[in-house]
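Here is the structure we will look at.
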Amino acid sequence: MTAPSPHPNSGSPRRCPAVVVGAGPAGLTVGNILRAAGVDCLVLETETRAFIERRPRAGVIEEWAVRGLERRGLARTLLERAQTHTECEFRFAGERYRFGYTELTGRHHFVYPQQFLVTDLVREYADVRGGEIRFGVRDVRLHEPESDRPSVSYLDPGSGERRVVEADFVAGCDGARGVTRAALVPERSRLARHDYGVGWLALLAEAPPSSDCVVFGMHPRGFAGHMPRSPDVTRYYLQCPPGDDPENWPHERVWTELRERLGAAGAPPLKEGRLIERRVLDMHSYVVEPMARGRLFLAGDAAHLTAPIAAKGLNLALHDAFLLGDGLVASLTKGDGSGLSGYSATCLARVWDYQEFSQWLGEMYHGTASGDPYRAGAALARLRRLSDSPVAAAEFAERYLGARTTG
Ligand code: RFL
């Protein structure tokens with residue numbers, strides 16, 4: 001749904017070639033690509049700069065995505081500070097199984113907390129490339145995205161007045177809870193949704209990692225995950241009922257459950273620490289098809305959410321942003337609309353590939369605790385195949401790293 005035009009209580013509209021709604025990884029990457037080509041753009045963000053620079057979320061970035069950032073001059077600090085990971089570990093029935101994916105693919109994962117990437121991208125966009133950004137905006141509305149002159153309006157946080165910006169293009173990069181998706185769904189685009197039927201308690205512990213790699217624990221009490229983030233902070237996950245209250249998970253219960261579900265012969269003990277984030281994610285995914293309408297293009301979580309099972313969401317957001325940024329530059333500077341016309345289909349090919357992988361992996365994680373012996377048996381077969389079959393192992397490694405296609 002879009003807001004009508006004209007806009008009451010607004011001064012005369014200003015013009016800008018591109019308006020980007022949302023300053024997450026997708027929006028900031030699009031903004032940076034536009035600025036590098038000398039294209040003016042305005043980024044609108046509801047939160048403050050301090051807030052987005054501290055919001056912890058993802059941490060695992062695929063190598064092709066980092067190379068894509070590097071090619072666009074956006075990975076200097078990341079390459080200096082990120083860790084590289086070459087293996088992960090599965091734990092099941094008290095046993096440990098190391099999986100060396102770099103050995104199989106020649107590629108690795110980078111581990112770099114999302115808030116560090118956002119900090120780098122804001123600095124580059126606003127402080128280095130001179131990009132315009134408004135923080136703390138309210139009530140963002142989209143007007144006539146199918147016309148030749150779409151516009152975006154918002155309430156200015158200082159004056160409370162509604163400001164209107166006419167644009168050639170609008171990039172909807174406002175995440176899962178944003179407003180731009182409503183301009184497509186349900187009239188113009190289909191929303192495909194999958195519910196995993198489980199919750200994940202997402203935790204951040206002020207504690208060093210307990211292992212040198214990502215660890216996945218498949219346990220009859222539920223899945224547990226260990227994801228190093230930095231030398232002092234580690235992300236953990238515990239499968240829980242959907243809609244569970246984080247208050248049901250006090251410190252002692254969390255660590256007892258993590259020790260139980262991640263326990264295995266010869267595994268180093270967990271390094272405990274204060275829990276600085278405790279939130280329940282109802283595990284679900286969705287995909288909007290197509291991701292564009294008229295002069296509005298969605299990117300990242302605004303267009304598709306991927307439950308964090310396979311650490312894919314940020315990577316998909318970057319993939320969209322590279323294509324959208326390059327497509328907008330080609331259209332605005334050379335009148336070449338080919339990138340934008342193929343944008344949605346090209347993005348969706350990778351989106352669905354990652355969705356399907358996440359679903360496959362989700363069943364391996366959750367089957368054991370499903371209470372259904374058939375699903376538990378099938379989950380174990382999936383896991384065994386990774387150690388028994390070199391072909392299955394190679395395919396898993398390729399998909400885990402997103403290595404089949406390039407960014
Ligand atoms: P974001 O990061 O949500 O940014 C959207 C921005 O838009 C703002 N906004 C608005 N601005 C203007 N007007 C409005 N009406 C607005 N509404 C919202 C928001 O404040 C925000 O600043 O979306 P983007 O850029 O598409 O990036 C997507 C990623 O953030 C997301 O996919 C990942 O965090 C998912 N994810 C992971 N992805 C990975 O690739 N690897 C991982 O290891 C990984 N771990 C995770 C994750 C997501 C998690 N949560 C919180 C669901 C771990 C967790 C716990």
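Things to note:
- Farthest toward the positive end of the dipole of the chain, out of SER153, PRO242, GLY100, is the Cα of SER153, where the dipole comes from beta carbon charges about the Cα centre.
- log10 of Debye I(q)/I(0), alpha-carbon scatterers only, for segment 251-356 at 0.15, 0.17, 0.19, 0.20 Å⁻¹: -0.73, -0.82, -0.93, -0.99
- GNM top mover of LEU323, LEU262, LEU104 - the chain, alpha-carbon springs below 10 Å: LEU104
- Between ALA321, ALA394, ALA183, the residue with the greatest mean-square fluctuation in the GNM of the chain (Cα pairs under 10 Å linked by springs) is ALA394.
- Candidates PHE51, PHE92, PHE223, ranked by Gaussian network fluctuation over the chain, Cα under 10 Å, top entry: PHE51
- Full-extension gain in nm, ARG253 to ARG55, via 0.36 nm per residue minus C-alpha separation: 68.8 nm
- Between segment 107-122 and segment 293-367, the alpha-carbon center distance in angstrom: 18
- THR346 accessible area, assembled protein chains, probe 1.4 Å, Å²: 70
- Put a plus charge on the Cβ of each Lys and Arg, a minus charge on the Cβ of each Asp and Glu, and nothing anywhere else: the dipole of the chain about its Cα centre is then about 160 debye.
- For ALA207, distant residues with modelled amide H under 5 Å away: VAL233, THR234
- Between 0 and 90 degrees, the angle of helix 25-36 with respect to the longest Cα principal axis of the chain falls at about 50 degrees.
- Rg and Dmax [Cα atoms of segment 126-213; Å; Rg one decimal, Dmax integer]: 19.2, 55
- Antiparallel DSSP beta bridges within the chain, as percent of all bridges there, nearest 5: 70
- Gyration tensor verdict on the chain (Cα atoms; rounded if a/c is under 1.5, prolate if a/b is larger than b/c, oblate otherwise): prolate
- Ranked from largest to smallest solvent-accessible area, with a 1.4 Å probe on the protein heavy atoms, ASP127, ASP156 come out as ASP127, ASP156.
- For the chain, calculated [θ]222 nm from helices alone, where every DSSP H run of n ≥ 4 adds -39500 (n - 2.57): -10000 deg cm²/dmol
- The long axis of helix 313-334 is offset from the longest Cα principal axis of the chain by roughly 30 degrees.
- Estimated vicinal HN-Hα couplings, Hz - segment 241-254 in sequence order (Karplus 6.51, -1.76, 1.60; Gly, Pro = x): x, x, x, 4, 8, x, 5, 6, 10, x, 3, 4, 5, 4
- All-pairs Cα distance distribution in segment 170-314, expressed in whole percent, bin size 5 Å: 2, 9, 17, 18, 15, 12, 10, 8, 6, 3, 1, 0
- Relative contact order for segment 190-310, counting Cα pairs under 8 Å that sit 6 or more residues apart, in percent: 35
- Per-q log10 I(q)/I(0), segment 1-132, q = 0.17, 0.20, 0.21, 0.23 Å⁻¹ (Debye; single scatterer per alpha-carbon; no solvent): -0.95, -1.15, -1.22, -1.35
The values are calculated or read from the model by the stated rules, or taken from the named source; none is laboratory data. None of these values were measured; they are calculated from a predicted model. Cβ coordinates were reconstructed from backbone atoms using ideal geometry, including for glycine residues, and neighbour counts include every protein chain displayed. The protein model used for the area step is the full one, side chains on, heavy atoms only, and it has no ligands, DNA or RNA in it. Shrake-Rupley method; radii C 1.70, N 1.55, O 1.52, S 1.80 Å.
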